[in-house]
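Please treat every number below as a calculation from the coordinates, not as lab data. Computed from a prediction, not measured in an experiment: that's the story for all the values here. No Cβ is skipped: glycine too gets one built from the backbone with ideal geometry, and neighbour counts run over all protein chains shown.
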Amino acid sequence: MNKKELVVKYRSLVKIACGAYNCLNMFRIKKGKGNEIIAPCALLKNVNIHISGTNNKVIIDDFTTLRNSNIYINGNNNVVRFGKWTSFWSSEICTEDDGNEVSIGTHTKILGQTRLAAIEGTKIIIGDECGFSTDVIMRTGDSHSILDMEGRRFNASKDIILEDHVWVGIKVICMKGTYVSRNSIIGAGAVVSGKFTEPNCIIGGLPAKVIKRGIEWTAQRIPVGTVTRDFHA
């Protein structure tokens, strides 16, 4: 029986241990009514969760780890959700206004200096088995208004969605309206703001565009030129 199977088998014991550990290592502030932090079997170390508003939820599913990270929720009816076996280290989530959602999928790894910000009732959805390098920024809005000459605002905030198994390179910026299909790579330093609905692509540049099709990626370091079938089709 491997380590993962042991953790699942003895979930009740892991839950008790995580609860005790989290009490010593997590700093929480909840202002308002109906706010919930649900983390029955997750491990949180040096995590600050600050909630101001009502009916907000932070849901951290089983066997997920958060380290040296911050979650700031300002507003009402916001949801921050982490799937099972997810890693979120040295990073930050912020929501402002009402009805936002930030969702990070199962087995996704975000391991350094990532900032996710959702405002004005928008969503950041990151699928299962995604991988993030460092210094990544995702913002669903501009945090200010841009007006035409008649005083009408036109810079609406928009959702950001990454499908399953997307790799995000170092210093990537995903702006409002970004959509990236499954099994794709966003190259280092790219600035993404459009919709890329074709799967299995490398996206890169400023502004980002498709630079290669028909690719796949894996976290394993396979020798160059080796033929393997051990990847997502």
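Please list, in order along segment 71-82, the HN-Hα scalar couplings obtained from phi with the Karplus expression 6.51 cos²θ - 1.76 cosθ + 1.60 (θ = phi - 60°), rounded to whole Hz, x for Gly and Pro.
For segment 71-82, the Karplus-derived couplings read 10, 10, 10, 10, x, 10, 6, 9, 10, 10, 9, 10 Hz, x marking Gly and Pro.
Please list, by residue number, every one of the trypsin sites (Lys or Arg not before Pro) in segment 116-223 that is coil in DSSP and has at most 11 other beta-carbon atoms within 10 Å.
Counting only loop positions with at most 11 other Cβ atoms within 10 Å, the trypsin sites (Lys or Arg not before Pro) in segment 116-223 are ARG152, ARG221.
Please report how far the C-alpha centroid of segment 140-176 lies from that of segment 64-90, rounded to the nearest whole angstrom.
Centre-to-centre distance over Cα atoms comes out at 20 Å.
What does DSSP give for segment 94-233 in terms of the percent of beta bridges that are antiparallel, rounded to the nearest 5?
That works out to approximately 15 percent antiparallel.
Quick one: what are the phi-derived ³J(HN,Hα) couplings along segment 112-125, Karplus 6.51/-1.76/1.60 with θ = phi - 60°, whole Hz, x for glycine and proline?
3J(HN,Hα) across segment 112-125, in whole Hz: x, 6, 9, 10, 10, 10, 10, 9, 6, x, 10, 10, 10, 10.
Would you be so kind as to identify which of THR122, THR95, PHE63 lies farthest towards the positive end of the dipole of segment 56-122, taking Lys and Arg as +1 and Asp and Glu as -1 on Cβ and the Cα centre as origin?
Result: PHE63.
Which one is right for this structure if semi-axes √(5λ) of the Cα gyration tensor in Å is calculated from it: (1) 27, 20, 18; (2) 37, 17, 16; (3) 29, 28, 12?
Read-out from the structure maps to (3).
What longest range of the chain stays clear of loop-exposed chymotrypsin sites (Phe, Trp or Tyr not before Pro) (DSSP non-H/G/I/E/B, at most 13 other C-beta within 10 angstrom)?
Working: sites that count: TYR10, PHE154, PHE231.
Longest stretch, sites excluded: 11-153.
If contacts are Cα pairs under 8 angstrom and at least 6 residues apart, what is the relative contact order of the chain in percent?
9
From the phi angles alone, apply the Karplus equation (6.51, -1.76, 1.60; θ = phi - 60°) to segment 58-66 and give each ³J(HN,Hα) in whole Hz, x where the residue is Gly or Pro.
Karplus values, whole Hz, x for Gly and Pro: 10, 10, 10, 6, 4, 6, 8, 10, 10.
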